[in-house]
Amino acid sequence: MRQLLLLRHAKSCWDDPRLPDHARPLNARGRRGAAAMARTMRELGLAPEVVLVSSARRTLQTLEALAPLPDSPIVEPLDALYLATPQTLLATLRRVPETARSVLLIGHNPGLHELALALVGAAGVAAPPPGAADAVRRLTEAFPTGALAEFAIATPWRLLEPGGGRLVRFLVPGDLPEMAAS
């Protein structure tokens, strides 16, 4: 069984309207949320072997907040992941080496949310696996900044298709104790 972690970048700053979208940094709340998600990932033992990250500043800063990641994963910043479609994200995942058991993809909406919904598939939304109904419901509603979706993948990466993921958990920063009060 393989593990796929989809992480949307943390909350970004819109203070400078002259700044290109690709260059927008995290805001203070985003930095706190990313740090809280990093702690939660460590507590849950989530340790990706490969990290695929959009080249946008806010995704790279989200990745920085996760550091240090256990076991020094291979990190690949990719321009193609910036505001990528779910089809591009899926094609990128299909090129992951088969030896990788766990992959973290850090990206943007709407593509990341659409990919997550595609992986669950219509059947998974209609009849979620036992214990996953609440997570699937929440995922269908939104994929907010800083949210993390964990999937179990039964096929080799090259064969990953819509409906090919089982949602294990879906966490948003507001779920985390240190962010619930902010």
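The values are calculated or read from the model by the stated rules, or taken from the named source; none is laboratory data. These numbers were taken from a predicted model, which means no experiment stands behind them. Cβ sites come from the backbone with ideal geometry, for glycine too, and all protein chains shown count toward neighbours.
Consider region 62-80 and keep the residues that are in contact with a strand residue (DSSP E or B) (Cβ under 6 Å, 6 or more places away or on another chain) and not hydrophobic (A, V, I, L, M, F, W, C). The one that is farthest from Ala100 (Cα to Cα) is Thr62. Every listed requirement among (1) charged (D, E, K, R); (2) at pLDDT below 95; (3) touching a Lys or Arg at 6+ places or on another chain (Cβ under 8 Å) is met by Glu150 save one, (2). Please go through region 120-160 and give me each residue that is in a helix (DSSP H, G or I), free of Cβ contacts under 8 Å to residues at least 24 places away in the same chain and not hydrophobic (A, V, I, L, M, F, W, C), ordered by number. Answer for region 120-160, where residues must be in a helix (DSSP H, G or I), free of Cβ contacts under 8 Å to residues at least 24 places away in the same chain and not hydrophobic (A, V, I, L, M, F, W, C): Asp134, Arg137, Thr140, Glu141. Consider region 61-98 and keep the residues that are touching a residue at least 40 places away in the same chain (Cβ under 8 Å) and of a type in the set (Val, Ile, Thr). The one that is farthest from Gly164 (Cα to Cα) is Thr62. Candidates Thr59, Thr85, Thr92: the one that is touching a strand residue (DSSP E or B) at 6+ places or on another chain (Cβ under 7 Å), farther than 29 Å from Glu178 by Cβ and among the hydroxyl-bearing types (Ser, Thr, Tyr) is Thr92.
For every residue, the table says whether it meets (1) charged (D, E, K, R); (2) buried (at least 21 other Cβ atoms within 10 Å of the Cβ); (3) at pLDDT 95 or above.
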position	(1), (2), (3)
Leu4	no, yes, yes
Ala56	no, yes, yes
Leu60	no, no, yes
Asp79	yes, no, yes
Pro86	no, no, yes
Arg95	yes, no, yes
Ser102	no, no, yes
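The set of residues in region 162-182 being among the charged types (D, E, K, R) and either in contact (Cβ under 8 Å) with a residue 12 or more places away in the chain or in a strand (DSSP E or B) (or both) consists of Arg166, Arg169, Glu178.
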